[in-house]
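Remarks on the structure that follows.
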Amino acid sequence: MTALQLAPGDALLIADVQNDFVTGSLHVPGGAEIVPVLNRYAAAFAARSLPVFATRDWHPPDHCSFRARGGPWPIHCVAGTEGAAFVPGFVLPAGTTIVSKATAADREAYSAFSGTELDALLRSRAIRRLFVGGLATDYCVLQTALDARGLGYTVFVLTDGIRAVNVAPDDGDKAVAAMRQAGAETIAFGAIEDRTRGAA
């Protein structure tokens, strides 16, 4: 595969690399493995002075997704708690834009575009291509990628920088297939590595 060159109009979007999803109440299997990979992506984008966006679940204590409210998930990523913090060792470049989502008690928001200003922020910076990684493949990454495609962005899903919850064993694979069907491309770091190595 011909190496993909990063260029103006590109942005990196990393979903929900938070303690509760890596080591906490809703940990995603293998979630810790992608942290150094995502750090490499973030460094590559920063080296090209390209923007990095990092999303986070930022729930109120009574969020509708919690089992106590009839939702499917344990309590996780409550705003301001240690569980909602980005994991130690996750290195975001200076100037990274943080996007908080699912902040309303009665509204779920897997997609980074749901109830946020992300689309406006991207358009204000003339972003056309989004490189999406993070947690989890079958929820927030999936819905973010699908919404991005619906909004007209070119989407690259970073297959070495995602992991799935896999409530059913093949949920992650199904999510990747759905993103491809929607027009997203799947790549790994090697597809851009030789274009970013040593960039300053």
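Computed from the coordinates by the stated procedures, all read-outs in this text should not be read as laboratory data. The structure presented is a predicted model; accordingly, all values stated were derived computationally and were not measured. Virtual Cβ from ideal backbone geometry, glycine too; neighbours counted across all protein chains shown.
Summary table below
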{"read-out": "Selection from H59, G190, A3 lying farthest towards where the dipole of the chain points positive, charges on Cβ", "value": "A3"}
{"read-out": "Qualifying trypsin sites (Lys or Arg not before Pro) for segment 1-69 [loop in DSSP, other Cβ within 10 Å: at most 14]", "value": "none"}
{"read-out": "Electrostatic dipole magnitude of the chain [Cβ: Lys, Arg +1; Asp, Glu -1; Cα centre; debye, to 20]", "value": "520"}
{"read-out": "Dipole of segment 79-168, positive direction: furthest Cα of S124, S114, T96, with charges on the beta-carbon", "value": "S124"}
{"read-out": "Segment 116-200: GluC sites (Glu not before Pro) in DSSP coil with no more than 15 other Cβ atoms inside 10 Å", "value": "E117"}
{"read-out": "Shape category assigned to segment 1-107 from the gyration tensor of Cα positions, a/c cut at 1.5", "value": "prolate"}
{"read-out": "Cα convex hull of the chain, projected area averaged across orientations, nm²", "value": "10.6"}
